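Trainee: Okay, handing you the structure first.
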Amino acid sequence: MLVDLVLAILHHLAVFVLFAMLAVQLVWLKRDLDLQGLRRVAKLDIIYGATAGAVLLIGVLRVFFGLKGWGYYAESHSFWAKMAAFALIGLMSIPPTMKFIAWRKRAEGEPGWLPSPAEIRSARMYLHVEATIFLAIPIFAAAMARGY
Ligand code: HEM
């Protein structure tokens with residue numbers, strides 16, 4: 001009972017932090033990004049990835065050590081829809097992460113070089129897609145918690 005409560009609290013906190021980071025990344029990823037801004041976005045992206053890992057770990061712990069157990073979730077369509085949405089967000093986060101790493105490396109190696117507005121726009125597009133899929137997850141979560 002206490003384990004379930006603690007995991008539920010951690011899950012909610014990690015999920016809110018994850019979404020906040022995605023929103024901050026969108027705000028920081030501006031058209032006129034300088035080297036300092038680029039470093040900041042790249043650093044935030046690493047923390048975003050680590051937080052997503054924490055959400056996954058806590059989520060898996062909830063599945064196995066929560067009150068309902070694996071059997072309940074294994075048969076839940078909304079659980080699998082939620083997992084698919086989470087995996088899709090993970091996939092969508094790969095291209096921007098690769099871009100941030102490459103941009104930072106290039107900007108540090110070639111003084112004066114910065115990503116073009118078109119490149120920044122393309123990275124932002126992936127983040128927008130992630131944020132949109134993210135909104136579906138609490139819907140699936142509420143459904144799965146109630147046996148749909
Ligand atoms: C961005 C990712 C995620 C979001 C936004 C999210 C959101 C939520 C929310 C809002 C709830 C509460 C549902 C309710 O009680 O009405 C919940 C519950 C839960 N989540 Fe997640 N979640 C995420 C990722 C995951 C992952 C990756 C897993 C498992 C691998 C997971 C497993 C669970 C479990 C087991 C519950 C408990 C449901 C129940 O009470 O039966 N979540 N999630």
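Trainee: Scan segment 116-134 and give yes if some residue there is touching a helix residue (DSSP H, G or I) at 6+ places or on another chain (Cβ under 6 Å), in contact (Cβ under 8 Å) with a residue 12 or more places away in the chain and not in a helix (DSSP H, G or I), otherwise no.
Mentor: No, segment 116-134 contains no residue that is touching a helix residue (DSSP H, G or I) at 6+ places or on another chain (Cβ under 6 Å), in contact (Cβ under 8 Å) with a residue 12 or more places away in the chain and not in a helix (DSSP H, G or I).
Trainee: Now a separate question. MET1 - would you say it is farther than 30 Å from GLU110 by Cα and modelled with pLDDT under 95?
Mentor: yes
Trainee: Turning to a different aspect of this structure: Exactly one of (1) touching an Asp or Glu at 6+ places or on another chain (Cβ under 6 Å); (2) within 14 Å of the ligand (Cβ to nearest atom) is unmet by LYS82. Its number?
Mentor: LYS82 satisfies every listed condition except (1).
Trainee: Which is aliphatic (A, V, I, L, M), part of a helix (DSSP H, G or I) and farther than 27 Å from TRP103 by Cβ, of LEU44, LEU57?
Mentor: LEU57
Trainee: Count, please, the residues in segment 29-48 that happen to be surrounded by 14 or more Cβ atoms within 10 Å (Cβ to Cβ), in contact (Cβ under 8 Å) with a residue 12 or more places away in the chain and either more than 16 Å from the ligand (Cβ to nearest atom) or acidic (Asp, Glu) (or both).
Mentor: Of the residues in segment 29-48, 10 are surrounded by 14 or more Cβ atoms within 10 Å (Cβ to Cβ), in contact (Cβ under 8 Å) with a residue 12 or more places away in the chain and either more than 16 Å from the ligand (Cβ to nearest atom) or acidic (Asp, Glu) (or both).
Trainee: State all residues of segment 1-28 that are surrounded by fewer than 15 Cβ atoms within 10 Å (Cβ to Cβ), under 20 Å from ILE137 (Cα atoms) and of a type in the set (Phe, Trp, Tyr); if no residue qualifies, say none.
Mentor: Matches in segment 1-28: PHE16 only.
Trainee: Which one is nearest to the ligand (Cβ to nearest atom), of the residues in segment 103-143 that are over 20 Å from the mean Cα position of the chain (by Cα) and over 15 Å from GLN36 (Cα atoms)?
Mentor: Across segment 103-143, the extreme among qualifying residues is ALA143.
The values are calculated or read from the model by the stated rules, or taken from the named source; none is laboratory data. Note that the structure is a prediction, hence the values are computed from the model and not measured. Reconstructed Cβ throughout: ideal geometry from the backbone, glycine too, with neighbour counts over all protein chains shown.
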